[in-house]
Amino acid sequence: MQDYDYTALIEATVNEVVTRSWVRDVTLPSGRILALITLDNGQQRRPNTLGPRGLLEFAEALDTVARRAEAREISGVAVIGTDDVFAAGADLGLLSSLTSRDRALEISRLGHAALSRLGALPVPSFAFINGTALGGGLEVALHAHYRTVRDGVRQIALPETYLGLIPGWGGAFLLPNLIGVERAVKVIVTNPARNNTMLSAHDACELGIVDVSFPTVRFLEDSLAWADAVIGGASVARPHRPGRVERTITWEAPIALARTALMSKGSTPPTAALRALDLVSAAHDDNADDAFRREDDALADHIMSDQFRASMYGFTLLTKHSKQVSGAPDRALARSISRVGIVGAGLMASQFALLFLQKMQVPVMITDVSAERLESGIAYIHEQLNRLVAKGALTADERARCARNLSATIDIAHFAPCDLVIEAVFEELSVKRDVFRRVEGVVSSQAILATNTSSLSLDDMAEGLAHPERLVGIHFFNPVAVMPLVEVVRGAATDESSVATAITVAQKLGKSPIVCRDVAGFVVNRILAVYLGEALKAAEAGASFEDVIAAVAPLGLPMDPFALMDLIGITVSAHLLDSLHAFAPTRMHASSRLHELAQHGGFGKSEPGTARQFTEHSRALFPTRADAPTVADIYVAVTASLANETHIMMEEKVVHGVEEIDLAMLLGARWPLHLGGLTPYLDRCGASERAFGATFHSPPICGA
Amino acid sequence: MSDVFYIDGVRTPFARAGAKGAYWNTRADDLMAKATVGLVQRNASVPLDAIDDVAIAATTQQGDQGLTLGRTVGLLAGLPTSVPGYAIDRMCAGAMTAVTSMGSAIGYGAYDVALAGGVEHMGHHPMDFGAHANPRFAAERLLSSDALNMGCTAEILHDRFPHLTKERADAYALNSQRKAAAAYDAGHIQPDLVPVAAAGPEGWVSVTRDEQLRPQTTLEGLATLKTPFRDNGSVTPGNASPLTDGATVALLAGADAVSRHNLSPAMRMVSFAYAGVDPDVMGLGPVPATQKALAKAGLTIDDIGLIEANEAFAIQVLTLLDFYGIADDDARVNPWGGAIAYGHPLASSGVRLMIQLAAQFAQRRDVRYGITTMCVGLGQGGTVVWENPHYAGGN
């Protein structure tokens, strides 16, 4: 590799787990020899990743096979991975440890230099995608002349923009030139923005990313035979390769569309996705050398960016959390749950029943005060089961199993065999106390009692219980089937076993639990109350809705405060603010005008085909004033209040660590990953320093 | 009653058992599935849902050879779920028994088309591993300690037949290696091998040849080998089959299916027999089995133009030849070499014999009948008599 000197890069990346490039000669059915390069990092549990040493070895292997191809010793070259992984892309840990843009530029160039050798071989080159091919891994395959895929592969993607990077080892250029710009934009920008959606082998075939798929049983054997035929002259169709019209006339349209979509998601847009679109746009001239130079610069910029570091922080939190919940008791303490009782048959309760039936596959009994309410709950559950079958999400057998496991009773005495009872009744302390008192009269002393309260104190609820230690909060978010977060609330009396059980149950339900103390609003609602309260405070001080929205837009939340309140419901929002105001009157704003607004519907109205607008009532209730705070004032106030409240939550030890707050906001409020969650953002924007004279993270989560 | 035809057979290349072998990182059921796909792909005129049953043999039916192989292999190979399957075991004669069982079902008229094969990953499943012999075998002297060790039973054959010397065994082994090498050079073996891609410690490899052939073998070299089964013994790694991983599978069909699916039979099953002998001399098993099978067929050994005898040990083949007065180097016997050269993945070897006999039949229109025969641990033998559909009268 004489192009550049990579010594400094090698020295900066001493912890690389090296993916080796093993070269073996393979005799094809025709008798031709193909050099097969196996990428293998020799690790059982860690997928192949690419770092400087691995890239250099790959480049050297390709130089050797190129010489042999010139000498006519081999007729083709192919690359394959091991086990279920082709290659999972660049080693992100190494990238995020780089502290100099020079090094970032070097690894961008090295990636191009190494991978592009595959496309420059004088004989046909192939990628046999045996498993996961992500980011730089898929880019390896894109540099090859031809691609096969094992039909069971489910993880094919260019997820770079999801993580604040760009597909900068050739992907942003090669993909649109292989499958057309519209499809490429989908893979490079749209899918990553859609919660990092990945492609299956089937999808990759449909899109034209790979040429052919083969069954697992003889994937490599079939791939070799196919390669043999291609080397022998068999033609391979590339129906989606852009033609002259696409390059000269229609190229920009899908890019513009995607750019608009990105810009509409709050005003701290994901810069990597936008830069990736620039690269795709420039790729129309089919000039690889220029394109790769542009990619080098863009990738180097983004390796050093705030958004990449923030995304890595958030992504690492999510990944670690799926394996181990911080602050959780030993999971061995969890009790097994084989029968669930649900008190209530309203919408929330019915959603619980549906989830327990589907995910835990245990008998579920529901109860309510009247047969009518029970009937409507049961009807709802059956309707939803049918809907799931119609969608193909559930088989008829599974529906039958769920239906058989569902029962209803007016008489709570039938709850006796339940080992978990969760209530979803009216949010009123006396009602919930009464429910638990009656449940405790029939269930065993070991049964777990769970409340879905969002605003009441567990400790208050536990009063009068014979066994308050088994009362635990399991707070779901609406809609229950969709929202991934569950707050597991530990009351003063709650024992470790009950907390462990609640966590296990939440995980079995497919949710991500965090553990928090029994303090008003728990995590998400408390922070949202600050966000909403500050927005209302500004509006009451005469700021226009538009200014408030502009002020909070940099937080990147998917909904502005007014739209969020409309979604939650104005009455519920007012109730939330009231209860938190009662908890901390000096910090939490309660709005009487919100109660007034509740009489007249919500803030917004929207007519089909038009943008959301504010109603006259809401405009009248919140008149603008000349002395209103400016957008900048509002931004400072909101971020400072958020930082202050979060800091107090840490002092109150509401959660185990600041990471749990970020997880809760990522999962429960859809805080954008490219900002890394709440606290890294508050550190970066200076709000932490302003609020409490320090930062949540040391050093702060930001680019170098 | 229907005629029973062997239509086609394939196998994986045979590899050295153990960590240095090509298949160390490949599951036995995957090997078997790969062979099965290779077979059905090259017999595409048979619709997959026309397969009535799948019988797959393995000696050790646990781990990656567990869970009823005939069924798991069908699922892994992508056969329709409507195709049933079962597992079968007669140690070394497993695949042979799979063929005769399926052949019986076809002959009876229950089946039209069937797959029969066997696999043994001796690297993953060392012989006798995990087996727990009944203590009565020792207490009541039902079995000697030698009877459970195949090498020891081969040594006993040398004791019993002193004129079948180590030198004759070595010469026989050398000849097997030479014949196998010549068959490879002539391209007789390769057409029925299904290449296998296998993950190795330094990357994927494509296995396209049997791994343990030793064409460089010399008598001098053989003479220097140790005798691991007893001091001053006669059985060496050179005149015995090596421990091997491999899978084989055959396509069988009845007369109706042959015409319905437009198949070209390679062999017709004439008769078969299994017979027991003293477990101490299990290698003698082919003698009574062949006698029974020939009697059933109304034939004598003189009618048999080709003999595919499994070479578990050279001495054990020599006892069969000696019994019938056939010369050690008779051209009718294993013309393309045998298990001493190719290896002997226990329960899969029966179909390898058939693959080689079928390929020879196609070339030898002068031969009407052939046999495949093999010995079996604990004192058994099995023999199948086959007729050559290409037979065009005598020389």
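FYI, it's all coordinate maths here, none of it is from the lab. No experiment lies behind these values; they were computed from the predicted model shown. Heads up, the Cβs are rebuilt from the backbone with ideal geometry, glycines too, and the neighbour counts pull from every protein chain shown.
Spin-label model, B:D366/A:F583: points 7 Å from Cα along the beta carbon direction are separated by 9.9 nm.
With distances taken between every two different alpha-carbon atoms, chain A has a Kirkwood hydrodynamic radius of 28.1 Å. Would you grab the residues whose amide H sits under 5 Å from the one on A:L406? Only those 5+ places off in sequence or on another chain, please, with H modelled 1.01 Å from N. Residues meeting the criterion, in which the H sits 1.01 Å from N, are A:V364.
How big is the dipole moment of segment B:227-370 about its Cα centre under a simple scheme where the beta carbon of each Lys and Arg is +1, that of each Asp and Glu is -1, and everything else is neutral? Debye, nearest 20, please. Write down the numbers at each step before the final one.
On the way: 10 positive and 14 negative charges, 130 e Å.
About 620 debye.
Counting only Cβ charges, +1 for Lys and Arg and -1 for Asp and Glu, the dipole size of segment A:524-692 around its Cα centre is about 160 debye. Counting only Cα atoms, segment A:13-304 measures 59, 46, 33 Å along its principal axes, largest extent leading. FRET efficiency for the A:R670 to A:S698 pair, using the beta carbon distance and R₀ = 25 Å, is estimated at 0.40.
The label-point distance for B:T165 and A:A413, in a model that sets each label 7 Å from Cα toward Cβ, rounds to 9.8 nm.
Among B:A28, A:G686, B:Y86, flag the residue with its Cα farthest along the positive direction of the charge dipole of the protein assembly as shown, charges on Cβ as +1 for Lys/Arg and -1 for Asp/Glu. My answer, from the dipole projection, is B:Y86. Once backbone amide H atoms are built at 1.01 Å from N, A:D25 has A:L36 as its partners under 5 Å, excluding neighbours fewer than 5 places away on the same chain.
What does the helix-only formula give at 222 nm for the protein assembly as shown: each DSSP H stretch with n ≥ 4 adding -39500 (n - 2.57), the total divided by the residues, and the result rounded to the nearest 500 deg cm²/dmol?
Values: 41 runs with 451 residues, N = 1099.
Helix-only estimate at 222 nm: -12500 deg cm²/dmol.
Report, for segment A:1-126, the % of DSSP beta bridges that are antiparallel, rounded to 5. Display every interim value, and only then the final one.
Numbers: 9 of 17 bridges.
That works out to approximately 55 percent antiparallel.
Modelled this way, with points 7 Å down the Cα-to-C-beta line, the labels at A:D434 and A:D63 are 8.3 nm from one another.
Taking the Cα of A:L347, stepping 7 Å toward and past its beta carbon, and measuring to each backbone N in segment A:470-510: which are under 14 Å? Within reach of a label on A:L347, which here means backbone N under 14 Å from a point 7 Å along Cα→Cβ, segment A:470-510 contributes A:477-482. Among A:T409, A:S338, A:T494, which residue has its Cα furthest toward the positive end of the charge dipole of segment A:335-517, with +1 on Lys/Arg Cβ and -1 on Asp/Glu Cβ? Sorting the options by dipole projection puts first A:S338.
Can you sort A:T250, A:T679, A:T7 by how many other beta carbons sit within 10 Å, fewest first?
On the way: A:T250 15, A:T679 27, A:T7 10.
Exposure proxy ranking, most exposed first: A:T7, A:T250, A:T679.
Maximal additional length on extending the A:A371-A:D25 stretch stands at 117.1 nm, based on 0.36 nm per residue less the C-alpha distance.
Return A:S350, A:S223 ranked ascending by Cβ neighbour count within 10 Å, so the fewest neighbours appear first. Please report the intermediate quantities before stating the final value.
Values: A:S350 23, A:S223 27.
Ascending Cβ contact count within 10 Å gives the list A:S350, A:S223.
Counting, for every residue in B:192-204, the Cβ atoms of other protein chains within 10 Å of its Cβ and taking the mean gives 6.
Centre-to-centre, using Cα atoms only, segment A:123-167 and segment A:407-485 are separated by 49 Å.
Taking θ as phi - 60° and the Karplus parameters 6.51, -1.76 and 1.60, the scalar couplings of segment A:232-237 work out to x, x, 4, 8, 10, 6 Hz in sequence order, x denoting glycine and proline.
Remark: A:D63, B:D192, A:D662 ranked as A:D63, B:D192, A:D662, counting other beta-carbon atoms within 10 Å and listing the fewest first.
With N set to the residue count of segment B:270-395, report its C-alpha Rg divided by 2.2 N^0.38 Å to two decimal places.
Numbers: Rg = 13.4 Å, N = 126, 2.2 N^0.38 = 13.8 Å.
Cα Rg divided by the expected 2.2 N^0.38 Å: 0.97.
Percent of C-alpha pairs per 10 Å bin in segment A:413-504, short distances first: 18, 53, 27, 2. Across segment A:524-692, Cα-Cα pairs farther apart than 29 Å form 16% of the total.
Taking a straight Cα-Cα cut-off under 25 Å and skipping sequence neighbours fewer than 8 places away in the same chain, the lysines within cross-link reach of A:K653 are A:K320, A:K323, A:K511.
Can you pull the percent of Cα pairs in chain B with separation above 28 Å? It works out to 41 percent of all Cα pairs. A cut-off of 5 Å between modelled amide H atoms, ignoring neighbours fewer than 5 places along the same chain, links B:C92 with B:G377.
For A:R690 and A:T316, a Förster radius of 35 Å and the Cβ-Cβ distance give a FRET efficiency of 0.80, rounded to the nearest 0.05. Round to the nearest 10 and give me the degree value, 0 to 90, for the angle of helix A:570-583's Cα axis relative to the longest principal axis of chain A. Taking the Cα atoms of chain A, the angle to A:570-583 is about 70 degrees.
Between B:F129 and B:R178, what length comes free when the chain is fully extended (0.36 nm per residue of separation minus the Cα-Cα distance, one decimal in nm)? Don't skip to the answer; put the middle values down first.
Numbers: separation 49, 0.36 × 49 = 17.64 nm, distance 3.30 nm.
Computed gain between B:F129 and B:R178 is 14.3 nm.
Based on alpha-carbon atoms, the Kirkwood radius and the radius of gyration of segment A:335-517 give Rg/Rh equal to 0.94. For A:K186, the lysines whose Cα comes closer than 22 Å to its Cα, not counting residues fewer than 8 places off in the same chain, are A:K265.
Could you work out the Rg to Rh ratio of segment A:141-248, with Rh taken as the Kirkwood radius (inverse of the mean 1/r over all Cα pairs)? Working shown, then result.
Details: Rg = 14.5 Å, Rh = 14.7 Å.
Rg/Rh: 0.99.
With a Förster radius of 45 Å applied to the beta-carbon distance between A:N195 and B:Q190, the computed FRET efficiency rounds to 0.30. Dipole check for the protein assembly as shown: with +1 at the C-beta of Lys and Arg, -1 at the C-beta of Asp and Glu, and the Cα centre as origin, the magnitude is about 920 Debye.
Normalised by 2.2 N^0.38 Å, where N counts its residues, the alpha-carbon radius of gyration of segment B:172-331 equals 1.26. Phi angles of segment A:301-307 translate, via the Karplus equation with coefficients 6.51, -1.76, 1.60 and θ = phi - 60°, into HN-Hα couplings of 4, 7, 4, 8, 7, 4, 5 Hz per residue; Gly and Pro are given as x. From the alpha carbon centroid of segment B:80-121 to that of segment A:658-691 is 64 Å.
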